[in-house]
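Novice: Before I ask anything, let me first share the structure, which is written out below as structure tokens.
The values are calculated or read from the model by the stated rules, or taken from the named source; none is laboratory data. Note that the coordinates shown come from a computational prediction; the quantities given were computed from them, not determined experimentally. Counting neighbours? That spans all protein chains shown, and the Cβs are built from the backbone with ideal geometry, glycine included.
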Amino acid sequence: MLAEVRPSVGKRVQALALGLVPGLAHIAVLDRPGAGTLLFLLFVAAVDTALAGLYLVEGPLADRLYAAGGAAAGAVWLAAWLDMARLAFFRDYEKRAALRKQLVAEGVKAYAAGDLPGARRAFRGCLSLDHRDPDVLFWYGCVEARLGKVKRARRSFRRCRKYDLARKWEFQIGEQERGMEGG
């Protein structure tokens, strides 16, 4: 499992400093490269719009571009900083870990009892907490395979392989995929 752990004090200080540049704390400290890249690109596009209004465009449109770009850049900066603060300071990591443990137990119990819709709900709840959890991705793929959703199962197994750095589920995924091929 890719356990989400509370950032240390040093990581929090780093996040505060890097949070001044939208997306940088997400990429470098908080392990959220996709969100960080998106926030950074949105900020750069907004600043570019403001600079175009200031230096490149003439006439009444220039003031509007400058104002819109400045407002958008400010909004993206604020959103990025607040999200960094939420992840580094205000997220209840212990509560999320307890909820994950409870949902996994419910999902495995439902799967063993043959309650596939219940297992699916529990594992989807886990994936909403952390979409990179290889244990949950494996179990979710098994549920989808038994429900006949082969495409979803393959995608879940592919993502499980991607995030399963210890290769814990490699053999079982192969067995599941062979079972799906066999019908």
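Novice: Checking the condition in a loop (DSSP other than H, G, I, E, B), modelled with pLDDT under 95, basic (K, R) and in contact with a helix residue (DSSP H, G or I) (Cβ under 7 Å, 6 or more places away or on another chain), which residue from R100, R6, R12 passes?
Specialist: Answer to the selection: R6.
Novice: List every residue pair whose Cβ atoms lie under 7 Å apart, where the two residues are 6 or more positions apart in sequence or sit on different chains, the first residue falls within region 59-81 and is assigned by TED's automatic domain parsing to the domain that holds L24, and the second residue, located anywhere, is surrounded by fewer than 17 Cβ atoms within 10 Å (Cβ to Cβ) and in a helix (DSSP H, G or I).
Specialist: L65/A52; Y66/L54
Novice: Additional query: With respect to F138, determine if the residue is without any contact (Cβ under 8 Å) to a residue 24 or more places away in the chain and aromatic (F, W, Y).
Specialist: It is false that F138 is without any contact (Cβ under 8 Å) to a residue 24 or more places away in the chain and aromatic (F, W, Y).
Novice: I'd like the full set of residues that are farther than 15 Å from G74 by Cβ, in contact with an Asp or Glu (Cβ under 9 Å, 6 or more places away or on another chain) and not aliphatic (A, V, I, L, M), limited to region 32-55.
Specialist: The answer is R32, and nothing else.
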